[in-house]
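The values are calculated or read from the model by the stated rules, or taken from the named source; none is laboratory data. Just so we're clear, the structure is a prediction, and the values are computed from it rather than from any experiment. Positions of Cβ are generated from backbone atoms using ideal geometry, with glycine treated the same way; all protein chains shown enter the neighbour counts.
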Amino acid sequence: MKETVPHLQKRLKTEGTKIASFFLELSESDWERVVYNDGSKWTLLHLMKHFVSVEQAFQWLIQDVLDGGTGARENFVIDEFNAAEVGRFSEYKSDEIINAFQDLRKDSIALAGALTSDDLEKTGNHPFFGKTKLKRLLKFLYTHNNMHMRDVRRVMGE
């Protein structure tokens, strides 16, 4: 399917709602379940903090490209960024981090809605994909979370 502004907005909204709903249903003990055992041992709480961080970072990245910038710097190291960013939200409790995610996702939907079809074709640097179009960055914003949610469902036995 062609990635149009309305399509991308709809997917951002639908996938954001699914993620928020999932996390809203967790018990307090579920938040401490480990999703990733390698290195930092991310729990579900860490993962939601990661989602918030990524949402903010993508908004910055998209706006930078719209403003004529190049996107992520060439020497950007994703793993270092992710570790630092999750720590930045260390004081957030589960309900606060869900609210932050929902607010940021609304902002991402609004940002996408302000784009033109020409804007979707603009390119900027992503630390993993390299030079890529804004429409792919917007798509990655929800597919990235879905990739992590597959791991969550495996850990949760679903």
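Quick check on region 82-93: of everything there that is part of a helix (DSSP H, G or I) and surrounded by fewer than 18 Cβ atoms within 10 Å (Cβ to Cβ), which residue is modelled with the highest pLDDT? Don't jump to the end; show me each part of the working.
To start, the set of residues in region 82-93 that are part of a helix (DSSP H, G or I) comprises 82-88.
Retained after the next criterion (residues that are surrounded by fewer than 18 Cβ atoms within 10 Å (Cβ to Cβ)): 83-85, 87-88.
Numbers: A83: 65, A84: 69, E85: 69, G87: 71, R88: 77.
Out of the qualifying residues, it is R88.
Considering only residues that are more than 15 Å from the chain's Cα centre (by Cα) and modelled with pLDDT under 75, look in region 65-81 and name the one that is nearest to T43 (Cα to Cα). Spell out the reasoning first.
Filtering region 65-81 down to residues more than 15 Å from the chain's Cα centre (by Cα) leaves 65-77, 80.
Next, from what is left, pick out any that are modelled with pLDDT under 75: 76-77, 80.
Details: F76: 25, V77: 22, E80: 18 Å.
Among those residues, the one meeting the criterion is E80.
Given the condition part of a loop (DSSP other than H, G, I, E, B), touching a Ser or Thr at 6+ places or on another chain (Cβ under 9 Å) and surrounded by fewer than 20 Cβ atoms within 10 Å (Cβ to Cβ), answer yes or no: does some residue in region 4-14 qualify?
Quick first cut of region 4-14, residues part of a loop (DSSP other than H, G, I, E, B) only: 4.
Cutting the leftovers down to touching a Ser or Thr at 6+ places or on another chain (Cβ under 9 Å) gives us 4.
Okay, now just the ones that are also surrounded by fewer than 20 Cβ atoms within 10 Å (Cβ to Cβ), so 4.
Within region 4-14, one or more residues are part of a loop (DSSP other than H, G, I, E, B), touching a Ser or Thr at 6+ places or on another chain (Cβ under 9 Å) and surrounded by fewer than 20 Cβ atoms within 10 Å (Cβ to Cβ).
Please indicate, with yes or no, whether at least one residue in region 49-58 is modelled with pLDDT under 95 and not in a helix (DSSP H, G or I).
No - not one qualifying residue is present in region 49-58.
Yes or no, residue by residue, for (1) aromatic (F, W, Y); (2) farther than 29 Å from S21 by Cα:
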site	(1), (2)
G124	no, yes
F128	yes, no
L137	no, no
V155	no, no
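Counting only residues that are out of contact with any His (no Cβ under 7 Å at 6 or more places or on another chain) and modelled with pLDDT of 90 or more, how many does region 124-140 have? Spell out how you get there, then give the answer.
The initial filter retains those residues of region 124-140 that are out of contact with any His (no Cβ under 7 Å at 6 or more places or on another chain), namely 124-131, 133-136, 138-140.
If we keep only those that are modelled with pLDDT of 90 or more too, we end up with 124, 131, 133-136, 138-140.
Qualifying residue count for the region: 9.
Among the residues of region 126-158 satisfying the criterion of being of a type in the set (A, V, I, L, M, F, W, C) and in a loop (DSSP other than H, G, I, E, B), which is surrounded by the most Cβ atoms within 10 Å (Cβ to Cβ)?
Within region 126-158, the subset of a type in the set (A, V, I, L, M, F, W, C) is 128-129, 134, 137-138, 140-141, 147, 149, 152, 155-156.
So of that shortlist, the ones also in a loop (DSSP other than H, G, I, E, B) come out as 128-129.
Details: F128: 10, F129: 14.
Only one residue fits best here, namely F129.
Is it fair to say D118 is assigned to a helix (DSSP H, G or I), free of Cβ contacts under 8 Å to residues at least 12 places away in the same chain and either of a type in the set (D, E, K, R) or closer than 23 Å to K131 by Cβ (or both)?
On the way: assigned to a helix (DSSP H, G or I): yes; free of Cβ contacts under 8 Å to residues at least 12 places away in the same chain: yes; either of a type in the set (D, E, K, R) or closer than 23 Å to K131 by Cβ (or both): yes.
Considered against the rule, which asks whether it is assigned to a helix (DSSP H, G or I), free of Cβ contacts under 8 Å to residues at least 12 places away in the same chain and either of a type in the set (D, E, K, R) or closer than 23 Å to K131 by Cβ (or both), D118 comes out as yes.
Considering only region 33-48, how many residues are touching a strand residue (DSSP E or B) at 6+ places or on another chain (Cβ under 9 Å) and either in contact (Cβ under 8 Å) with a residue 24 or more places away in the chain or farther than 19 Å from A100 by Cβ (or both)?
Initially, region 33-48 is screened for residues touching a strand residue (DSSP E or B) at 6+ places or on another chain (Cβ under 9 Å), giving 33-36, 41-44, 46-47.
Adding the requirement that they be either in contact (Cβ under 8 Å) with a residue 24 or more places away in the chain or farther than 19 Å from A100 by Cβ (or both) leaves 33-36, 41-42, 44, 46-47.
So the count comes out to 9.
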